[in-house]
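S.K.: Have a look at this one before I ask anything.
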């Protein structure tokens, strides 16, 4: 009698903290939300600090990128990401780096991502602990990464810059800077207020129109009564 091999488990968490400091966590969450909003409606997902399994049958062969963008997959969240199930490797990976993670970010992860075929690899050092420019992007050329000039992502169609310990994103096609989550909430509130004011103005205009129509009808009734009593006006 054949005995089925035990099912391999691919955990979604290891109990480790999401980031080593508030600055790192904030940079991750802001970037995650901005990219998620930017890619809404496209066949793409943006995941953060979730296990990326790259070898079927080997659950220890995994990495947890701070932020990764994967194209040509069904939108929606994932508890973890298995390359062999989805059929796509991440196109862009961001690591929010520090002095403590410098060696692995520059060594193991850079080599692994290049071997996997990740087209762009970005490092952001919010505290400027070891990256002088704070933000450094690489594109895959052959089997090696080369620096990306002017911090412009061809894959995302975005130019990246730094603003108050965060990565700012600018559309290449029109130069527009994407709103940070806090700014987006303010813009939504302004839009809501503008819609309310426009609706109020419309109601007031409609009331004025109805009042004018009512006044016109009343004048016509009075004029008709006058004609009935006194004849036509000279």
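S.K.: At 7 Å along Cα-to-Cβ for each site, give me the label-to-label distance between residue 40 and residue 72 in nm.
M.R.: Label-label distance for residue 40 and residue 72, simple model: 2.6 nm.
S.K.: Efficiency by 1/(1 + (r/R0)^6): what FRET value for residue 164 and residue 141, r their Cβ-Cβ distance, R0 = 25 Å, to the nearest 0.05?
M.R.: Rounded to the nearest 0.05, the efficiency is 0.20.
S.K.: Additional query: At 7 Å along Cα-to-Cβ for each site, give me the label-to-label distance between residue 215 and residue 99 in nm.
M.R.: With each label placed 7 Å out from Cα toward Cβ, I get 7.7 nm.
S.K.: If r is the Cβ-Cβ distance from residue 14 to residue 61 and R0 is 22 Å, what FRET efficiency results, to the nearest 0.05?
M.R.: 0.95
S.K.: Ranking request for peptides 151-162, 98-109, 115-126: highest mean number of other beta-carbon atoms within 10 Å first, then the rest in descending order.
M.R.: 115-126, 151-162, 98-109
S.K.: Quick check: pseudo-label points 7 Å beyond the Cα along Cα→Cβ at residue 204 and residue 106, how many nm apart are they?
M.R.: Label-label distance for residue 204 and residue 106, simple model: 6.4 nm.
S.K.: Considering only DSSP beta bridges whose two residues both sit in the chain, what percent are antiparallel, to the nearest 5?
M.R.: That works out to approximately 80 percent antiparallel.
S.K.: Between the helical axis of 22-38 and the dominant principal axis of the chain, each derived from Cα atoms, what acute angle in degrees is found, rounded to the nearest 10?
M.R.: 60
S.K.: Once you keep just the Cα pairs under 8 angstrom separated by 6 or more residues, what percentage relative contact order results for the chain?
M.R.: Relative contact order of the chain: 13 percent.
S.K.: Using mean Cβ contacts within 10 Å as the protection proxy, how do 81-94, 37-50 order, highest first?
M.R.: Averaged packing, sorted descending, gives the order 81-94, 37-50.
S.K.: Apply the a/c threshold of 1.5 to the C-alpha gyration tensor of segment 102-186 and tell me whether it is rounded, prolate or oblate.
M.R.: Because a/c hits 1.5 or more and a/b fails to exceed b/c, segment 102-186 counts as oblate.
FYI, it's all coordinate maths here, none of it is from the lab. Worth saying up front: this structure is predicted, and the values here are computed from it rather than measured. Reconstructed Cβ throughout: ideal geometry from the backbone, glycine too, with neighbour counts over all protein chains shown.
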